[in-house]
1. For the pair GLU592 and GLU409, how long in nm is the line joining their label points, each one 7 Å along Cα→Cβ?
2. 222 nm [θ] for the chain, helices only, -39500 (n - 2.57) per DSSP H run of 4+, per residue, to 500?
3. For the chain, what is the percent of antiparallel DSSP beta bridges, rounded to the nearest 5?
4. Measure off, as a whole percent, the carbon and sulfur share of the 1.4 Å-probe accessible area of the chain, all protein chains present.
5. Could you work out how much longer the chain between ASN118 and LYS247 gets when fully extended? Use 0.36 nm per residue separation minus the Cα distance between them, nm to one decimal.
6. In percent, what relative contact order does the chain have, based on Cα pairs under 8 Å that are 6 or more apart in sequence?
7. Between ASN19 and LYS104, what is the label-point separation in nm under the 7 Å Cα-to-beta-carbon projection?
8. Can you tell me, using C-alpha contacts under 8 Å and at least 6 residues apart, the relative contact order of region 195-261 as a whole percent?
Amino acid sequence: MPSLPYNITGMDDFLKELNKEQKEAVAFGKGPLLILAGAGSGKTRVLTYRTAYLICNMDVPSESIALLTFTNKAAEEMRERVKKLGGKTKTLGFAGTFHTFCAKLLREYGTNVGINPNYVIFDSDDSEATMKKVMKEMEMDTKEYKPAMFLSIIGKMKNDLVSIVEAEATAGDYFRRMVIKVWKAYQDKLKKNNAVDFDDLLVKAVDLLKIERVRKEVNEKLQWILVDEYQDTNRAQFELTKQLAGKRQNITAVGDAAQAIYSFRGADYRNLVLFKTEYPKTAMVSLPTNYRSTQNILDTAYGVISHNTSHPTLHLETTEGAGEKVDFFEAADERDEAKYVVEQARVLSLAEKSVAILYRTNAQSRALEDELMRRDIPYKLVGGLRFYNRAEIKDLVAYLRVLNNIEEEISRGRIEKMGKRRAEVFYKWLLNLSPEKKKENPGQLLKEIISTVGFLERFDERDEEDIPRIENIGELLAVASDFENVEVFLESAALSESEIKQHRSNAKITLMTVHAAKGLEFDNVFVVGLEEGLFPHSRSLLSGEKEEIEEERRLMYVAMTRAKKKLTISFARNRLVFGGRHSSIPSRFLAEIPENLLSKVGSVRELERKISKSALGLDEFGEKKRIIVQDWEIAEETKDDFAEIDNW
């Protein structure tokens, strides 16, 4: 590694706040630098301190520094930190997202690649509307081929810097040739509207920087490039940073392959390896000290991620001590799991501690939400709508509401909006339904409705946006199957929505998918549903690809390392899936955790007993029994439960 300039004068005070490895990264001089930053190791601090160091100690003009991030929030945080560290207001040459940078670049130089400076940027809705027009003009069936599917395929090729000409040369089958045809028409529409989509921003910016005159001018303006979350870059972003680095190669990249979880967006963690190939003189600094989690949490997470073989993984050491063992709860089913997790989360939240319940798929929120609402416990749902408020769920519930009451206008209107043909087929089916048939299990009736009207034809398993919708439909079938008739189910669904608390902003309990939790941290974390086919997801199992299983393992690692003080993981022995109850196979990730790091916790009933005894602190046995019955609603359970209490 090149020598590090430790003749620091202007920033001695704040450099004292850094550990040895952080100082090495911050005070590194010229040339390419790759920082491997483990979870909770202070990468944001290192990037901002390095930026301040360049300005204050190396006399680098602040306007010659470009800081590239993946979110505006991260960029704003770094800008503010740099200002404070610099001792006076310093304006960076650029600090923001890749797409914002490219948009700015095209405004200034876009005419060189045929882009009018007054161009508009089409968001995802604009792009889909444009694609629908293209398909309509080409007389294509949008039910058989979804616009979003074409946009996804085209977007991936753009992010991989594959041109239409290159794609056309290798388009061997009918479907690929159709994609090329649609792609050409779509790009013509964009050009006609003087517009670019999000993917074009990257592609056009790369094309622009390949023009020597433009590249030299930009390289002269921006001489220092710092890139956050490098493991999340795609091919286009890798090429963009390469062109920006230019001959000086003053580029700093921060990343962690173990936290690469966005391959479905085109991100490629292998860019961390390519970095060293592209810049042979790369200096590497690892940040192995974690300032977030306890050692038991980190060792548990390492037990899982160390089974990945395609990328290096840091074994992190913490400053937070050993901490508690990781709790493992084996539930009877998803309801049992929800009861246990919600009760634990409630107790922790009362102690003013932040709590997150993480799951692999959005559909899993249903059982948890039901239990939280039943207990009248405030919660926040991040990154998605409440289960019964999701469009596909409201659509299917509308069919059942009309089945229950054919005069109900709101639901009839919703059905008609789904298509005239589908509505006609449904009403014909409904007219032939006997009174006895209407009293059948609502899950079975929903299955028949879905089949009769071709409801699933609206969704494409190849479309990343449709996959969670299909999973939500499966969850609805599962929960509906648990009710004796349609009327009781509809009443339960309606009450669930009416019980939503208005003070969710004050809630200490947060529900979200693992993907949504990236970059966050909580005192206490629950990771639920650790079953084969759920986490790891069935798609990774069906593909048989090592890469997909390893991405699921990285996702598990991210989930576990969100926890600061306490981590709890759970598994349900059986779960309702598409209307049927099936036995579950424990996730392989459970077997990868060293047994000495886990603490197996008891049943929900044992938890209730333990908490009730300690929380109430009563000596009168009869008084205990009375309050427990009141507090835990044991009156709703079986007589066996009363017998169990009497045996204490």
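1. 5.6
2. -15000 deg cm²/dmol
3. Close to 10 percent.
4. 49
5. My answer for the length gained is 43.3 nm.
6. 16
7. 3.3
8. Reported as a whole number, the value is 39 percent.
The values are calculated or read from the model by the stated rules, or taken from the named source; none is laboratory data. Here the structure is a predicted model, which means the values were calculated and not measured. Don't worry about glycine lacking a Cβ; one is built from the backbone with ideal geometry, like all the others, and counts go over all protein chains shown. Ligands, DNA and RNA are excluded from the accessible area calculation, which covers all protein heavy atoms including side chains. Shrake-Rupley method; radii C 1.70, N 1.55, O 1.52, S 1.80 Å.
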